[in-house]
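To keep things clear, I will list the structure first and then write my remarks on it.
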Amino acid sequence: MSEKVSGYSRLQVSLHWAVVILVAFQFLAHNAIEATWNAHLDGTLPSQGSGLLTYLHIASGVLILALALCRLYLRYRRGVPQPPGDEPRILKILSESVHGLIYAMLLSLPVSGVIGWFFDFRLAVLVHEYLQAVLLGLITAHIAGALFQHLIRRSDVMMRMFAPEKS
């Protein structure tokens, strides 16, 4: 990893927001892929609209996996900004834990989805469903932490994802 950085790069910020948009789409398209899966289990054909959203859900999931791997590579190669110097240790631990678990979900969800969908492995589908709920909880914690940093602690942590570091 290179020397310490004071902010995220333009690419890191762009990848973050691209993943946010894709994950939001995944939650919105969930009912369609669930309907298609249930039709598969019943031996019937899904509705045309569900079929299209299903393919978009799968493509978005694969793209999320690729973007998450890019983000992890950039995190390793370029680094990320340090937490504020006056950050209490417990907040550092919470932040690192939530970030680590979000990355774990961004990697595990596409893998479990692909295994469940393409290999008709129902346990993977159940794991995928469970991990969605975990991701939603982690996203909630992540947003709450960012707002806490911005509104209560008055730090620049949240704004780092809105304004890339100047090169």
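A DSSP coil position with no more than 15 other Cβ atoms inside 10 Å describes the following chymotrypsin sites (Phe, Trp or Tyr not before Pro) in segment 88-133: 119, 121. Rounded to the nearest percent, how much of the accessible area of segment 43-134 (1.4 Å probe, protein heavy atoms only) is carbon and sulfur? Answer for segment 43-134 is 70 percent, counting heavy atoms of protein chains only.
In whole angstrom, note down how far apart the Cα centers of segment 46-72 and segment 84-116 are. Rounded to whole Å, the Cα centres lie 21 Å apart. Using the 1.4 Å probe convention, the accessible area of the chain works out to 62 Å² per residue with neighbouring protein chains retained. Along its three principal directions, the equivalent ellipsoid of segment 75-123 from the Cα gyration tensor extends over semi-axes of 34, 13, 4 Å, largest first. Normalised by the number of residues in the chain, the average gap of Cα pairs under 8 Å and 6 or more apart makes the relative contact order 31 percent. Note that segment 130-135 has calculated 3J(HN,Hα) couplings of 5, 5, 4, 5, 4, 4 Hz, one per residue in order, obtained from phi through the Karplus relation 6.51 cos²θ - 1.76 cosθ + 1.60 (θ = phi - 60°); glycine and proline are x. Could you please report the charge total around residue 17, scoring K, R as +1 and D, E as -1 over all other residues with beta-carbon less than 13 angstrom from its beta-carbon? Taking every other residue near residue 17 into account, the sum is +3. Once you treat every alpha carbon in segment 1-98 as an equal point and sum by Debye, what is log10 I(q)/I(0) at q = 0.19 Å⁻¹? Debye curve over Cα of segment 1-98, log10 I(q)/I(0) at q = 0.19 Å⁻¹: -0.94. Give me the angle, in degrees from 0 to 90, between the Cα long axis of helix 10-28 and the longest principal axis of the Cα atoms of the chain, rounded to the nearest 10. Approximately 30 degrees, to the nearest 10.
Once the trypsin sites (Lys or Arg not before Pro) in DSSP loops with at most 10 neighbouring Cβ atoms within 10 Å are cut out of the chain, the longest remaining piece is 5-153.
Debye-formula intensities of segment 22-69, expressed as log10 I(q)/I(0) at q = 0.16, 0.21 Å⁻¹, are -0.43, -0.66 (one equal scatterer per alpha-carbon, no solvent).
Phi angles of segment 54-68 translate, via the Karplus equation with coefficients 6.51, -1.76, 1.60 and θ = phi - 60°, into HN-Hα couplings of 4, 5, 5, 4, 5, 4, 5, x, 5, 5, 4, 4, 5, 5, 5 Hz per residue; Gly and Pro are given as x. If I model the chain as equal point scatterers sitting on the Cα atoms and use the Debye formula, what is log10 I(q)/I(0) at q = 0.10, 0.19 Å⁻¹? Those come out to -0.44, -1.22, one per q. Across segment 139-153, rounded Karplus estimates of 3J(HN,Hα) from the backbone phi angles (6.51 cos²θ - 1.76 cosθ + 1.60, θ = phi - 60°) give 4, 4, 5, 4, 5, 4, x, 5, 5, 4, 4, 6, 8, 9, 7 Hz, Gly and Pro being marked x.
The values are calculated or read from the model by the stated rules, or taken from the named source; none is laboratory data. Note that the coordinates shown come from a computational prediction; the quantities given were computed from them, not determined experimentally. Cβ coordinates were reconstructed from backbone atoms using ideal geometry, including for glycine residues, and neighbour counts include every protein chain displayed. SASA here: full protein model, heavy atoms, side chains in, ligands and nucleic acids out. Shrake-Rupley method; radii C 1.70, N 1.55, O 1.52, S 1.80 Å.
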